[in-house]
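Report on the following structure.
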Amino acid sequence: MDVLSFVIVGHVDHGKSTLIGRLLYDTESLPPDKIEEIKKASSGQGRRTEFAYLLDHLEEERKQGITIDTTQVFFKTPKRRYVIIDAPGHVEFVKNMITGASQAEAAVLIIDVVEGVKEQTRRHSYMLSLLGLNQVVVVLNKMDSVDFSQERFEAVRKDADEWLKSINVEPMLYIPISAIEGDNVTESSANTSWYNGPNFLESLDTMQNKQPPENKPMLFPIQDVYKIDDKRINVGRVEAGVISEGDEIKILPTGESTKVSAVEKFLEKRTQAIASESVGMTTTDSVFLDRGNIVCVPGSEPVLTDTVNASMFWMTKRPFSSDMKLTIRCATQETSCRIERINKRINSSTLEVIAENSDVLENLEVAQVTIKTKKPVAIKDFNDVQELGRFVIVHDENICAGGIITHVG
Amino acid sequence: MNTNLSQLDKLENQSIFIIREAYSQFRDVAMLWSIGKDSTTLLWLVRKAFFGKIPFPVLHIDTTYKFKEIYEFREKYAKEWNLNLLVAKNEEAIAKGMSHEKGAFQCCNELKTMALKKAIAKYGFKALYLGIRRDEHGIRAKERVFSPRDEDFEWDYKNQPPELWDQYKTKAAEEEHLRVHPLLGWREIDVWEYVKRENIPVTDLYFAKNGKRYRSIGCETCCSPIDSDADTIEKVVEELKTSKISERSGRAQDKEDDYMMQKLRSLGYM
Ligand SMILES: Nc1nc2c(ncn2[C@@H]2O[C@H](COP(=O)(O)OP(=O)(O)O)[C@@H](O)[C@H]2O)c(=O)[nH]1
């Protein structure tokens with residue numbers, strides 16, 4: 001059975017946890033001992049049993065009633081299995097939200113119809129757009145609090161739509177729901193007779209799995225080289241296309257050419273491997289490959305450059321300053337780098353341009369940057385092959401920024 | 001060629017990717033093998049990742065209270081798969097008579113966590129592979145694929161490093177070690193379906209005898225079997241498809257109180 005993972009994002013208290021709890025409850029995905037455990041835990045701390053409670057597993061989360069870190073929960077419909085990534089809504093934990101969203105294939109944006117579009121609604125959806133998540137369903141929650149008013153729904157929808165347009169997100173749907181009462185969650189509600197679209201669960205079933213880029217020219221970044229018996233096996237994951245025995249290949253950055261002698265997988269006889277498969281590969285000549293080399297098709301090489309122009313989001317409390325020693329990692333490539341220019345600093349919840357040409361960058365800001373790498377890196381447009389079109393910046397062994405390359409060369 | 005990878009293929013490829021990412025950073029690593037179905041599945045994937053020649057030790061934390069079947073299984077496959085097997089015990093605590101009768105929390109902490117600490121100190125491992133899954137327990141659902149532990153072994157679950165796409169954390173100087181979790185995204189049923197597909201050997205404890213089987217195995221003293229007639233892998237898979245009881249409900253350390261698991265884990269428990 002297929003599995004689809006989606007992230008739920010939104011401003012704090014707009015009802016993410018309640019929606020997830022309701023979904024699990026209505027799809028009968030909760031084991032009886034879980035329900036018991038939650039009842040016991042709720043009463044232990046003097047709170048009533050709430051669906052939201054299901055997901056908060058850290059002592060602090062339960063006490064404070066806020067989600068600190070992402071959680072993944074599972075449920076299934078007759079069509080397929082789902083992984084829900086519950087991302088915290090509090091501004092303090094945006095880096096956890098980004099961690100969660102980067103693992104998802106689709107996203108649900110939840111907006112409290114009473115409060116409307118808020119700071120984290122905007123920031124989270126902007127992050128989704130930067131991460132390239134383009135399957136987005138918007139649910140307008142707490143419809144029970146506005147007597148299921150179509151007028152109110154339309155007003156918030158209009159606001160949300162304006163914002164989402166400005167960041168190039170085109171939602172698949174807007175659904176009026178009440179997570180607490182269950183309207184339009186797994187069953188279409190009589191309270192919203194003016195709404196004819198699918199309910200939330202039905203909308204999930206229309207989302208598509210992310211397809212690995214199989215029909216593109218082959219790309220095989222080397223993860224490592226193992227000496228097994230007398231063979232040097234170059235291991236990695238095929239990131240695009242198909243790698244086959246006998247293929248003419250080129251190796252970046254050295255530019256050497258050779259041929260694939262064999263595709264190796266333990267206990268299997270292979271002649272090929274497709275995008276997203278983790279395999280080994282040997283070459284006909286004794287060329288010495290290394291981690292970070294990119295194996296590609298001659299004539300369809302990615303761009304090899306030491307200048308990377310990208311949209312980058314800074315996601316650590318310590319602001320960027322030019323004296324920080326930074327490393328860039330793109331697929332298995334890794335080299336030291338510096339941010340040569342911050343062309344534009346953007347407030348991620350208002351899109352307001354904070355500065356043109358700056359030399360600082362604060363937590364949660366997005367910037368158009370030019371990065372100079374010490375060694376050249378092989379890159380692609382993010383919209384072509386994601387794996388070579390995105391990167392992280394590491395400082396002190398921690399990921400402090402992520403970026404997307406949308407124009408190459 | 002069949003270009004539609006199954007869910008199990010996707011999981012396998014991702015796990016092998018993670019195993020290789022970790023090894024490319026750390027050569028001084030070990031894999032924890034509890035001999036249960038999850039860590040045996042992990043071991044199977046590790047064998048695949050390294051073409052049958054695992055370049056690091058496989059570590060069994062032995063509380064001495066394990067089922068005898070576990071010891072038999074360990075010896076048999078350590079030999080068959082040519083493993084560099086290390087067995088670690090907290091001899092001191094065992095000599096002093098530590099057992100579950102002193103309290104499950106105390107016992108797990110002494111015989112598992114402390115034994116592991118000693119082993120890491122002795123061998124100097126920088127990273128450990130563990131076969132934990134997100135669906136096992138709520139607190140495990142919060143784990144990262146690469147999860148740092150500080151010098152006191154503590155898991156700072158309130159301030160975990162970000163993981164973006166498939167880019168993971170590397171080890172910083174002040175950290176004791178990194179835990180690597182290649183099976184994090186698997187579910188219990190995936191493990192069983194994979195065990196079935198790949199014919200991975202598992203101990204008989206998982207299969208029903210006289211109407212009872214173990215769904216999760218640890219120490220004999222702290223595990224209770226569930227009612228079941230599933231005496232083959234096929235039947236276990238079927239049972240899981242219909243069961244609503246969560247997996248670890250037969251294990252004492254989860255029941256004792258709400259936060260025991262969190263406390264154990266934050267102190268360095270597996
Ligand atoms: N009236 C109403 N209240 C809701 C609804 N959904 C959630 N809430 C309440 O809104 C508050 C925040 O919900 P929660 O799920 O914790 O929000 P989160 O921070 O987004 O996870 C809680 O008090 C919920 O009971 C809804 O559909 N209607």
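The values are calculated or read from the model by the stated rules, or taken from the named source; none is laboratory data. Fair warning: this is a prediction, and the values are worked out from it, not measured in the lab. Don't worry about glycine lacking a Cβ; one is built from the backbone with ideal geometry, like all the others, and counts go over all protein chains shown. The accessibility values were calculated without ligands, DNA or RNA, using every heavy atom of the protein model including side chains. Shrake-Rupley method; radii C 1.70, N 1.55, O 1.52, S 1.80 Å.
Descriptive notes on the structure:
- Cα-based Kirkwood hydrodynamic radius, segment A:69-201, one decimal, Å: 15.3
- According to the calculation over all Cα-Cα pairs in segment A:303-404, the P(r) per 10 Å bin from zero is 17, 53, 28, 2 %.
- Helix A:150-166 axis, angle to chain A major axis (alpha carbon atoms, nearest 10°): 20
- The Kirkwood radius of segment B:51-147, taken over pairs of alpha-carbon atoms, gives through the Stokes-Einstein law at 10 °C and 1.306 mPa s a diffusion coefficient of 104 µm² s⁻¹.
- In this structure, A:D230 and A:N209 have a Cβ-Cβ separation that, at R0 = 35 Å, corresponds to a calculated FRET efficiency of about 0.30.
- Taking the Cα atoms of the protein assembly as shown, the ratio Rg/Rh between the radius of gyration and the Kirkwood radius comes to 0.96.
- A simple spin-label model places pseudo-atoms 7 Å from Cα toward Cβ; at B:L86 and A:H407 they are separated by 5.3 nm.
- Greater than 26 Å apart at Cα, pairs in A:K227/B:K122; A:K380/B:K169; B:K48/B:K209; A:K250/B:K53; A:K165/A:K372: A:K227/B:K122; B:K48/B:K209; A:K250/B:K53; A:K165/A:K372
- The aspartates and glutamates within cross-link reach of A:K344, meaning a Cα-to-Cα straight distance under 13 Å and a gap of 8 or more places when in the same chain, are A:E352, A:E356, A:D359, A:E362, A:E365.
- Taking a point 7 Å out from the Cα of B:A95 in the direction of its Cβ, none of the residues of segment B:58-88 has a backbone N less than 12 Å from it.
- Relative contact order (%) - criterion: Cα under 8 Å, at least six apart; region: chain B: 21
- Dipole in debye (nearest 20) - chain A, about Cα centre, beta carbon charges: Lys, Arg +1; Asp, Glu -1: 680
- Choice from A:W194, A:W314, A:W163 showing the highest fluctuation, given a GNM over chain A with Cα pairs closer than 10 Å: A:W194
- With both labels modelled 7 Å from their Cα along Cα-to-Cβ, the A:E352 to A:E92 distance reads 2.4 nm.
- With all pairs of separate Cα atoms included, segment A:219-296 yields a Kirkwood hydrodynamic radius of 12.1 Å.
- Ligands, DNA and RNA excluded, the heavy atoms of A:S358 present near 30 Å² of accessible surface to a 1.4 Å solvent probe.
- Within the same chain, lysines fewer than 8 places from A:K76 are excluded, and of the rest, those with a Cα less than 20 Å from its Cα are A:K16, A:K34, A:K210, B:K10, B:K241, B:K244.
- Alpha-carbon spread of chain B, three principal axes, descending order, Å: 56, 50, 38
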